[in-house]
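**Q** Have a look at this one.
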């Protein structure tokens, strides 16, 4: 009887784990926002040290980070990717030095305002993206190619 109960509990824990994993795979925005909430203090410190002291940027576990200079310099954290080169999706957050939203990798593609806190962009071909302000200077983004 104990074995059956333990097996049932084990199966339920496994199913719950699979559900959480599947949710992260099917809802990248939720995964990125969980990452943001977990690492925002670390990212703020890294950005501050980078711009004030010239220290190299360091990405939290599971992400990559890039500094994209330009008219509106940004520090971009790529948190989640899908697909292969010719059909890729990128999801993450970026810090904008002047609180201005930009297209992926600060590529200079014009943004179209969707609401007070959301923008979209359309590049050449099927290149497209979405940007949403999370808080001052910090933005969530999606980019597809």
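**Q** Test of understanding: among 75, 93, which residue is within 26 Å of residue 145 (Cα to Cα) and touching a residue at least 60 places away in the same chain (Cβ under 8 Å)?
**A** Unique residue meeting the criteria: 93.
**Q** Consider only pairs whose beta carbons are under 6 Å apart and that are at least six residues apart or on different chains; among these, list those whose first residue lies in region 115-144 and is in contact (Cβ under 8 Å) with a residue 12 or more places away in the chain and on the phi > 0 side of the Ramachandran plot and whose second residue is surrounded by fewer than 17 Cβ atoms within 10 Å (Cβ to Cβ) and in a loop (DSSP other than H, G, I, E, B).
**A** Pairs that qualify, where the first residue is in contact (Cβ under 8 Å) with a residue 12 or more places away in the chain and on the phi > 0 side of the Ramachandran plot and the partner is surrounded by fewer than 17 Cβ atoms within 10 Å (Cβ to Cβ) and in a loop (DSSP other than H, G, I, E, B), are 137/99.
**Q** On to the next question. Hey, which of the strands (runs of 3 or more DSSP E) in region 29-112, taking only ones fully inside, have at least 3 residues that are under 16 Å from residue 133 (Cβ atoms) and within 11 Å of the chain's Cα centre (by Cα)? Write out each step before concluding.
**A** Details: elements: 64-68, 74-84, 87-96.
Passing ranges, in order: 87-96.
**Q** Still on this structure: Test each condition in (1) modelled with pLDDT of 95 or more; (2) under 18 Å from residue 29 (Cα atoms) for residue 110 and report the one that comes out false.
**A** (2)
**Q** Right, here's the next one. Could you list, in sequence order, all residues of region 113-124 that are touching a strand residue (DSSP E or B) at 6+ places or on another chain (Cβ under 7 Å) and either part of a loop (DSSP other than H, G, I, E, B) or surrounded by fewer than 17 Cβ atoms within 10 Å (Cβ to Cβ) (or both)?
**A** Step one: filter region 113-124 for residues touching a strand residue (DSSP E or B) at 6+ places or on another chain (Cβ under 7 Å), giving 113-114, 117-122.
Hits for region 113-124 are 113, 114, 117, 118, 120, 122.
**Q** Then there is this: For residue 90, all conditions in the list (1) modelled with pLDDT of 95 or more; (2) in contact with a strand residue (DSSP E or B) (Cβ under 9 Å, 6 or more places away or on another chain); (3) surrounded by fewer than 16 Cβ atoms within 10 Å (Cβ to Cβ) hold save one; what is the number of the exception?
**A** Condition (3) is where residue 90 drops out.
**Q** Exactly one condition in (1) modelled with pLDDT of 95 or more; (2) assigned to a helix (DSSP H, G or I) is false for residue 20; which is it?
**A** Condition (1) is where residue 20 drops out.
The values are calculated or read from the model by the stated rules, or taken from the named source; none is laboratory data. Nothing here was measured: the structure is a model prediction, and the numbers come from that model. With ideal geometry, Cβ positions are generated from the backbone for all residues, glycine too; neighbour counts draw on all protein chains shown.
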